[in-house]
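Take a look at the structure set out below.
The values are calculated or read from the model by the stated rules, or taken from the named source; none is laboratory data. Since the model is a prediction, treat every value here as computed from it, not as a measurement. Note that we place each Cβ from the backbone using ideal geometry, even for glycine, and neighbour counts take in every protein chain shown. For accessibility, only protein heavy atoms count, side chains too; no ligands or nucleic acids. Shrake-Rupley method; radii C 1.70, N 1.55, O 1.52, S 1.80 Å.
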Amino acid sequence: LLLLCYTEEAAVIVSGLKNTDVFVGESATFTCELSHPGVKNVQWWLDGSPLHNNFVTEISEQDGIIHTLTLNDVACHDSGTVTFRAGSLISSAKLLVKGILLER
């Protein structure tokens, strides 16, 4: 138990979320890399609302280190701040969903 507590305290964000611009109907992917696995209470948010794994929102992790969020078929109202939280670690980035201008 002591080792787990130490591991969680020692974890840091190696690579945080990056601002992402996509067009309506595309997918937006955010990735956060931690220094090592074992961090508890991992959660993704969009503008303060918790996100859950479903057919539109894909949440995955690789080796407990690389955490990925993919938002599929985004709409303009999905623009906002994406936040990744793992224990006391937090990383945020902006999602900008751009409309497609139709030429007249």
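Quick look at the values:
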read-out	value
Members of segment 28-57 that are free of Cβ contacts under 8 Å to residues at least 60 places away in the same chain, over 22 Å from G87 (Cβ atoms) and surrounded by 12 or more Cβ atoms within 10 Å (Cβ to Cβ)	T29, V56
Failed item, numbered, when G80 is tested on (1) touching a strand residue (DSSP E or B) at 6+ places or on another chain (Cβ under 6 Å); (2) at positive phi; (3) open to solvent by 20 Å² or more (accessible area, probe 1.4 Å)	(3)
Whichever residue in segment 83-104 is open to solvent by less than 20 Å² (accessible area, probe 1.4 Å) and not β-branched (V, I, T) and, among such residues, is nearest to W45 (Cα to Cα)	F84
Residues within segment 13-32 that are within 20 Å of L89 (Cβ to Cβ) and not in a strand (DSSP E or B), tallied	4
